[in-house]
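The structure appears right after this line, and notes come after that.
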């Protein structure tokens, strides 16, 4: 893909899904690895869904009839509103169906994701010389650039010892993410679209980081370089991670899409490296100055305006003090 599409990062997810279904060199090895487990896991999840459907429909009815006024329905109204109640129950049950399938296929899915990434990289026919060490793409000798470097150092500490470590860092537990997305957010699945969008928003940055982990490893990037890389491309990676998380949280189909997101990450990695190679050996003065994006530009203009106002106030104060020292005030036109 053209590297210019890095500014439209969600497109990589769409192309990743397309390649999973159309590229036989990627699809066949993954299908062979997951076929038997998928059939067994699907049967178990289907039996659970069918047997518990009546009970879960009553749970959904009870939840929605006791929800806030915005979502409040009486039991009678829900019973008369079959499409809404059925859809809410389907979303609730399908989330459990996907969780059961993911649990039974956990190891196979992990292996398939690694395989999908490796096969996609291999299909691009890039030799080892293509993957070089990390190159800073911006001239960080600006106020925004220096602030970004300080923030990157701070993020490293937070990921090791702070609250971020619980979700993305060394202290991250593989069961914590499952608990949050499958248990804490489970009641929101009965509200059409809310659980889907909220869960995707919470996972966006962490998922983008995890999908690009093989790319960081191939370049031997230090933790500081990884943080700097992610912060500089915050908007693009957040949009990519949100789209990928949204696809992975789709009922039932999300499991298939979770095999497409590593393909998307692999294609994005190749395009990232194309841009890195273009700037390899370039001097800082020839690189684009980092301005920090629109928000940071506005804040910089505000700070400059405040400093200019302070200079004017200081100049006015010094002028008034000079007038009071002389004891007279010069009045234009006076003799």
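Read-outs: derived from the displayed coordinates by stated rules, not from any lab. The structure presented is a predicted model; accordingly, all values stated were derived computationally and were not measured. Cβ: placed from backbone, ideal geometry, glycine included. Neighbour counts: every protein chain shown.
Would you mind checking the range 95-139 for residues with the amide N under 11 Å from a putative spin-label position 7 Å along Cα→C-beta of residue 47? Under cut-off, by backbone N: nothing. Of the peptides 85-92, 263-270, the order by per-residue mean of other Cβ atoms within 10 Å, starting with the highest, comes out as 263-270, 85-92.
Peptides 234-240, 103-109 ranked from most to least packed give 234-240, 103-109, packing being the mean of other C-beta atoms within 10 angstrom over each peptide's residues.
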